[in-house]
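Contents: one structure, followed by commentary.
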Amino acid sequence: MQVQVETISLLQLIISYLMLSVAFFVNYTEKLKLTKDIVFSFARMSIQLLLIGYILKFIFQINNVALIVIYYAVMVMFAANIIKERTKVKFTHANIIIFGAIFITGLVVTLFMAIVSIGLKNPFEARYFIPLAGMIVGNSMNSTTIAVERFFSEVQQNRSYIEELLSLGATPKEAVIELKQKAFRSSLAPQLASVSAMGIVSLPGMMTGQILSGINPIEAVKYQMIILVAINTAICLSVYILLYFEQKKFFNAFAQLNI
């Protein structure tokens, strides 16, 4: 039996924003001075989501592979730029390396999900590819930001230790291996903690959305399990690639630290 999805009218959407009065009340009573931040954040969110909603509606209707890939590339480009801005880490060709790592891993993992896990005849089906790729890119962005920043700061803080190892004959790779491992673990920790709490502490947003749209909860669970595995895979691959290249940028041709 097909379940009818309850639509939300414009009036209902506007009235729902009245819930923000609680945030304004707390902000006023506690003198937090966050009024502008609250207004700006939710106004920006509303505009961005409405805009992307109309864009996705258009892409879904056209369902053109070239257009889908362009949209995906733009999405990755914004993610790469956010990573670079957040980390403040500067090394040669950083934008290209970050973009390439996320673009390739996201594309490979998304196509694997579409073809193998879901069994789509057309892996570039817009309504599948874009949401799946978006979740993968978003999670990869957060984890790679942590990894790149942590690795850079660890190397800076342990400069003398690294130089001592190098003077004793260690290769650049051997000199920073422990610091690289710390960065890798730090990037994976939030995702692993989130995954371990799924189903008991929280219900994932994607799964909740599917259930609200009328999909059988068991099917929604299957999709969510596949997505979580895919996200973890993409994170591991993108972090691995980025740390590999970042490590190379820390040293010059004579195996000396250059940061």
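The values are calculated or read from the model by the stated rules, or taken from the named source; none is laboratory data. Just so it is clear, the model here is predicted, and its values are computed rather than measured. Methodologically, a virtual Cβ is constructed for each residue, glycine included, from the backbone with ideal geometry; neighbour enumeration extends over all protein chains shown. These area figures cover heavy atoms from the full protein model, side chains too; ligands, DNA and RNA do not enter into them. Shrake-Rupley method; radii C 1.70, N 1.55, O 1.52, S 1.80 Å.
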Total residues in segment 63-96, condition in a helix (DSSP H, G or I) and either in contact with a helix residue (DSSP H, G or I) (Cβ under 8 Å, 6 or more places away or on another chain) or touching a residue at least 60 places away in the same chain (Cβ under 8 Å) (or both):
18
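Residue by residue through segment 131-187, note down the ones that are outside any helix (DSSP H, G or I) and of a type in the set (Val, Ile, Thr).
In the first step, residues of segment 131-187 are kept if they are outside any helix (DSSP H, G or I); the result is 158, 168-171.
Scanning segment 131-187 gives a single hit, 171.
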Residue pairs meeting the criteria (Cβ under 9 Å; at least 6 apart or on separate chains; first in contact (Cβ under 8 Å) with a residue 60 or more places away in the chain, in segment 208-225; second open to solvent by 50 Å² or more (accessible area, probe 1.4 Å) and of a type in the set (Asp, Glu)):
212/6
Suppose the filter is closer than 16 Å to residue 206 by Cβ and touching a residue at least 12 places away in the same chain (Cβ under 8 Å); does residue 99 pass it?
no
Is one or more of the residues making up segment 213-228 of a type in the set (S, T, N, Q), assigned to a loop (DSSP other than H, G, I, E, B), under 19 Å from residue 131 (Cβ atoms) and open to solvent by 40 Å² or more (accessible area, probe 1.4 Å)?
yes
State whether the residues of segment 196-211 include one that is surrounded by 15 or more Cβ atoms within 10 Å (Cβ to Cβ) and under 19 Å from residue 107 (Cα atoms).
no
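Suppose the filter is within 17 Å of the chain's Cα centre (by Cα) and surrounded by fewer than 21 Cβ atoms within 10 Å (Cβ to Cβ); does residue 71 pass it? Give the steps one after another, and end with the answer.
Working: within 17 Å of the chain's Cα centre (by Cα): yes; surrounded by fewer than 21 Cβ atoms within 10 Å (Cβ to Cβ): yes.
Spelling it out, residue 71 is indeed within 17 Å of the chain's Cα centre (by Cα) and surrounded by fewer than 21 Cβ atoms within 10 Å (Cβ to Cβ).
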How many residues does segment 2-13 hold that are outside any loop (DSSP other than H, G, I, E, B) and either open to solvent by less than 100 Å² (accessible area, probe 1.4 Å) or at pLDDT 95 or above (or both)?
2
When segment 130-170 is checked residue by residue, the ones that are more than 30 Å from residue 204 (Cβ to Cβ), open to solvent by less than 60 Å² (accessible area, probe 1.4 Å) and polar (S, T, N, Q) are 153, 158
Just one of the numbered conditions (1) open to solvent by less than 80 Å² (accessible area, probe 1.4 Å); (2) farther than 26 Å from residue 254 by Cβ is not true of residue 127; which one?
(1)
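Here's the yes/no breakdown for (1) among the small types (Gly, Ala, Ser); (2) within 22 Å of residue 103 (Cα to Cα):
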{"residue": "170", "(1), (2)": "yes, no"}
{"residue": "174", "(1), (2)": "no, no"}
{"residue": "177", "(1), (2)": "no, no"}
{"residue": "181", "(1), (2)": "no, no"}
{"residue": "184", "(1), (2)": "no, yes"}
{"residue": "191", "(1), (2)": "no, yes"}
{"residue": "211", "(1), (2)": "no, no"}
{"residue": "215", "(1), (2)": "no, no"}
{"residue": "222", "(1), (2)": "no, no"}
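When you check residue 193 against the structure, is it under 23 Å from the mean Cα position of the chain (by Cα), assigned to a helix (DSSP H, G or I) and free of Cβ contacts under 8 Å to residues at least 40 places away in the same chain, yes or no? It would help to see each step written out before you state the result.
On the way: under 23 Å from the mean Cα position of the chain (by Cα): yes; assigned to a helix (DSSP H, G or I): yes; free of Cβ contacts under 8 Å to residues at least 40 places away in the same chain: yes.
Here the answer is yes, as residue 193 does meet what is asked.
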